Amino acid sequence: MAPKKDIPFPTQDDVLAYVRENPSKISKRDIARAFQIRGDQRIKLKKLLREMTEAGQLDKGHKGQIHVSGELPPVCVVEVTGIDKMGDLTARPTNWPLKGQPEDTPPPLVTIFADDKRGNLARGDQALVRLTQNRDVKELRYVARVIRKLERTSSLVMGIFRAQDDNVAMVQPTDKKDRNQYLIARKDWGKARDGELVLVDVREKKSTRRHMGPKRAVVMECLGTLDDPRSISLIAIHTHGILTEFADQTIEEAQRSVPPVLGNRTDLRDIPLITVDPADARDHDDAIWAERDPDPKNKDGWHIIVAIADVAHYVTPGSSLESDAWKRGNSTYFPDRVVPMLPEALSNGLCSLQEGEDRYTLAVHIWFDQRGKKIRHKYVRGLMRSAAGLSYEEFQNAHDGKVSQKARPLMDSVIEPLYGAFACMQKGREYREPLNLVMPERKILLDEAGNVTGIHPRKALDAHKLVEEFMIQANVAAAEELELKGWPCIYRVHEQPSEEKLNNLREFLGSLGYNFAKGMVQRPKLFNNILRKVEDTPQRDVINIIILRTQSQAVYSTDNLGHFGLSLARYAHFTSPIRRYADLMVHRALIGALKLGNDGLDKLDREKLSETAAHISKTERISMVAERECTDRFVAAYMSQHVGEEFTATIAGVSRAGLFVTFSESGGDGFIPVSSMVGDYFRHDAELHLLEGEYTGIVYQLGDSITVLLKEANSVTGGLLCQLIDPDLLAKGKPNKAKTRGRTQGREGRSNRPRRKR
């Protein structure tokens, strides 16, 4: 064997070249092995590396790893800052600037490619990544591969830019939980102007001494002026990292989509299917139709069709459309805009079941007997043409005798049969008795400029219940079919309430004089019994609220855990694939299971189905929070016209800090700080959801109706600050005895002082 050729001791240039060319092998041991350094030469190498580090040529990073000074280490932590036009995530290193660099050194561009889905990252998330330098493209310095997502500790804050003078500005956060004020030096303003909505990066430095002044930050992005009411929804969009831009390739794929043709599909165009949606709906996922079952063996039975947009035909596995839809998980709906899961060419175009237009559909036929029990179902992949697009109000009015011109030709052939089938299906619904909560909803009315003109309660119609029941039955059929065929499915699951929540509910109901039996098998029927008892009482709304809070969170899962609220053994979302990724996966599973095409679930879909279920459960929660916060801000903008006025409100929550209230007319959510409730010292009872005056015995409990003064309405945070108007409390210890009642005896450690239930 030929002797190994001796390698000369490396120079500084040799070490720098090796570190750059081998970013994954940069420990001192790796360098010694590469240059065959042994024995006493190790001491010489150690000295060389120390000199290079002191001279600023090298830096030591994670676990002693060595990298070239001024360049990011091969493994580091980055924070996602946004998304580029190609749909890839952009990020910045959290440890920046590097040692020895000026404070104003701009961070390098780090890109995480769209196909790297590990961690399901969004704006503000942090991740441990492995970096590769890209020396061919000047603008793209580093490409990151995600190792794992880290706990969210975002340094990005959204707020209102307020210039104090020519050199200093402050940013007021839009998050009402963030009580900080952020200081912006003149050099860090960028192009921000007074009153603009901005995204800032907090540059707080670690220190052993307590930092007493405001935190410093740098303006990263200007998002528009608050003078534009449409900025209200932008706050929610940016705060929660909701993606608004599609990759260029995604847009191109959507625009290249070809209009439907019959081919080998079932032709449903002669069946007068109709869509029934809100008056302002832009996408139409589902169409319905019904007839009396002509089969003499099923006397007084019904046959219905639920036809759903065949999104799977256009959004295929491995496409850019698929990638963008997966990231979003669902569409997000705000009072002034929709952030769709799919580009408009599909969501409001070829996938939307528009009146008089041929559209691809995945439809299910379902047959019911006279008791409303489902007998069987059958799926077809077809071509349909909507006979009409009706609003809920127009549909209901036609059934009630106020027939519009559009609805008139459909009365005998479509509308009345639909209500007839619904009456039959109601029998089956009443038999299984799902949870029957009554939760008031309100609609925000906007003018063309986006200003709130009013807030009106949504009227509950039989039309809503009809469409809901048709959709529920189609969803049940989807879950049953996939289970029968042995195919994987993303179920919509809702587990029964925890024992802890049930005990809290039982104690609360007991304080109001209602008994909730212990030890019985939990079924929605038990809750409904309570709801029926309080239907015509002042406690109706509060008990609906508290029973809702007792329920578990519905999620997506590949394990069938049933749906407690709907009282169903199996359930899957099938009816809204334009706006929910879960439904698209169920469509693909059905296509594969029933051999309805070659675009069913592929291998990758199956492998990551559990990951997908967890991901879309997360995106759904993000959208729900964003939608709620946006609604709060619109309501606050509307209520700002009424600061200083008195309102009737209901206590919707109780904490040690004060009372959360809901305005009876607008539905706005306000807060009364306990510190403003002068006249007594209030103790908090978490189990009974109340505050009790130490000296007066006055009690404010969840569900009580009270009078409040609106002190402040902040459209930036969505907060409504209120003051309690109560002459008895202001009288300091002189409660109206006619309004007091005895306290339940026997609770250990509790006083038996009379208390007033307002």
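Numerical summary
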quantity	calculated
Coordinate range along principal axes, alpha carbons of the chain, Å, largest first	95, 80, 54
Alpha-carbon spread of segment 244-289, three principal axes, descending order, Å	38, 33, 10
Dipole of the chain [Lys/Arg +1, Asp/Glu -1 at C-beta], most positive-end residue of G401, L601, V146	V146
Long pairs among K327/K595; K297/K373; K299/K465, criterion Cα-Cα beyond 18 Å	K327/K595; K299/K465
Convex hull (Cα only) mean projected area of segment 473-536, reported in nm² to one decimal	6.5 nm²
Chymotrypsin sites (Phe, Trp or Tyr not before Pro) within segment 494-538, DSSP loop, no more than 14 other Cβ atoms inside 10 Å	none
Qualifying aspartates and glutamates (Cα of each under 12 Å from Cα of K374; at least 8 residues distant if same chain)	E480
Whole-Å semi-axes of the ellipsoid equivalent to segment 149-304 (Cα gyration tensor, √5λ, descending)	55, 19, 16
Neighbour cut-off at most 12 other Cβ (10 Å), DSSP loop, trypsin sites (Lys or Arg not before Pro), segment 322-390	R371
Two-decimal ratio, segment 219-368, of alpha-carbon radius of gyration to 2.2 N^0.38 Å	1.32
Per-selection Kirkwood Rh - segment 334-407 (Cα, Å, 1 d.p.)	15.6 Å
Solvent-accessible area per residue, Å², over the chain with all protein chains present [probe radius 1.4 Å]	50 Å²
Eligible aspartates and glutamates near K402 by straight Cα distance, threshold 16 Å, same-chain separation 8 or greater	E393, E394, D412, E416, D462
Debye, to nearest 20: dipole size of segment 575-619, +1 on Lys, Arg Cβ, -1 on Asp, Glu Cβ	100 debye
Cα gyration tensor, segment 219-301 - rounded (a/c under 1.5), prolate or oblate	prolate
Förster radius 45 Å - calculated FRET efficiency between A185 and D685, Cβ distance, rounded to 0.05	0.40
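The values are calculated or read from the model by the stated rules, or taken from the named source; none is laboratory data. In this text, all values refer to a predicted model and were calculated from it rather than measured experimentally. No Cβ is skipped: glycine too gets one built from the backbone with ideal geometry, and neighbour counts run over all protein chains shown. Surface areas here come from the heavy atoms of the whole protein model, side chains and all, with no ligands, DNA or RNA. Shrake-Rupley method; radii C 1.70, N 1.55, O 1.52, S 1.80 Å.
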